[in-house]
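Working notes, beginning with the structure itself.
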Amino acid sequence: MTTTNKPRSSWFKREYLDAYILIAPAVLIFLFFVIYPLFRTIQVSFYDYGLTDPVMKFIGLQNYIEMTKDPVIWTALKNNVIILVGSVIVQVGMGLILAAILNRGIRYGRTIFRTIHFAPMVMSVVAVGVLWQLVYDPGVGILNKLLKLMHLGVPQQGWLGDPHLVIYSVLVVACWQYTGFMMVLLLAGMQSVPIELYEAARIDGASEIQSFLYVTIPCIRNVILAAVLITMIGAFKVFDIVYVLTRGGPANASQVLGTYIYYQAFTNNMAGYGSAIAVVLLVIAIALGIVQLRFSRGVGGRA
């Protein structure tokens, strides 16, 4: 027994050693570019520090206390919540409807239909921002021209210049770009539903809508939860589309947490304060992930 186990033990050691060697580069890259910046950001959040300052001054929780008194933080948080709610309703809702149409609603032209709706997702955010700046432009924008043709009013300050409309204008652009991605994600889940379930429902006299509600939705609920989580985290991490369209203006009306972090760290040279905001954003993202995981386990347990 002893002589037969030695070769087996050495074989296992060589196998594990090979595995560790293969994953080592990825682990090192992850530690250097993700874990180290994460802990460094948490550390800097306790200091009064600018990127050009020669020394860091420890101030404890002062940055976090200052956040509670900063009105722009609450505006940015409110805007993130608006984008979150709107994105979940429009992106996941419309994505679900479009995926159902592609899955069982149409027979011809599915590839073209899917490509058209997914195309905005692969476009550069800068290109999308420039495109929609032209659409919203008060002088040459097609949106205002269409509204005038229908004898409807247009905002006097422009879609991106009115503090009361700007965040909703940004939300429209985000939904336009990412609804196609949600459609493809949900369509993949729908195509995994066994066709026998639809046949059984049809034999029982169920309509297509009833089959969608009582067969499709229950079978892809975990995919829907994943889509909702991706959308929610993306809504709190949003930065690029807001920065390209408005840079947080006018008068911070479209400021979100991501753009405000950038503004404080790189424009105001307050890296410590910006890091504190980033830590809060990280906590929110982790909390959303935990809620989704617990909810999905609960759904799986009931299933």
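The values are calculated or read from the model by the stated rules, or taken from the named source; none is laboratory data. This one's a predicted model, so the numbers in the text were calculated from it and none came from an experiment. We place every Cβ from the backbone using ideal geometry, glycine too, and count neighbours over all the protein chains shown.
For first residues located in region 93-115 and without any contact (Cβ under 8 Å) to a residue 60 or more places away in the chain, partners that are outside any helix (DSSP H, G or I) and among the hydrophobic types (A, V, I, L, M, F, W, C) and lie 6+ apart or on another chain with Cβ distances below 9 Å form the pairs Phe113/Ile106.
Within region 233-255, the set of residues being under 19 Å from the mean Cα position of the chain (by Cα) and surrounded by fewer than 19 Cβ atoms within 10 Å (Cβ to Cβ) comprises Ile233, Gly234, Lys237, Phe239, Asp240, Arg247. With respect to the conditions (1) small (Gly, Ala, Ser); (2) part of a helix (DSSP H, G or I); (3) in contact (Cβ under 8 Å) with a residue 12 or more places away in the chain, Gly161 falls short on a single one, namely (2). Within region 235-251, at least one residue is part of a loop (DSSP other than H, G, I, E, B), at pLDDT 90 or above and closer than 16 Å to Leu84 by Cβ. When Gln156 is tested against (1) assigned to a helix (DSSP H, G or I); (2) assigned by TED's automatic domain parsing to the domain that holds Ile220, only condition (1) is not met. A single entry from Val130, Val173, Val85, Val81 fulfils the requirement of being assigned by TED's automatic domain parsing to the domain that holds Ala276, assigned to a helix (DSSP H, G or I), within 19 Å of Phe239 (Cβ to Cβ) and more than 19 Å from the chain's Cα centre (by Cα): Val130.
Condition check ((1) at pLDDT 90 or above; (2) surrounded by fewer than 20 Cβ atoms within 10 Å (Cβ to Cβ); (3) farther than 14 Å from Val128 by Cβ; (4) touching a Cys at 6+ places or on another chain (Cβ under 6 Å)) across all residues:
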{"site": "Pro163", "(1), (2), (3), (4)": "yes, yes, yes, no"}
{"site": "Ser169", "(1), (2), (3), (4)": "yes, no, no, no"}
{"site": "Phe181", "(1), (2), (3), (4)": "yes, no, no, no"}
{"site": "Leu187", "(1), (2), (3), (4)": "yes, no, yes, no"}
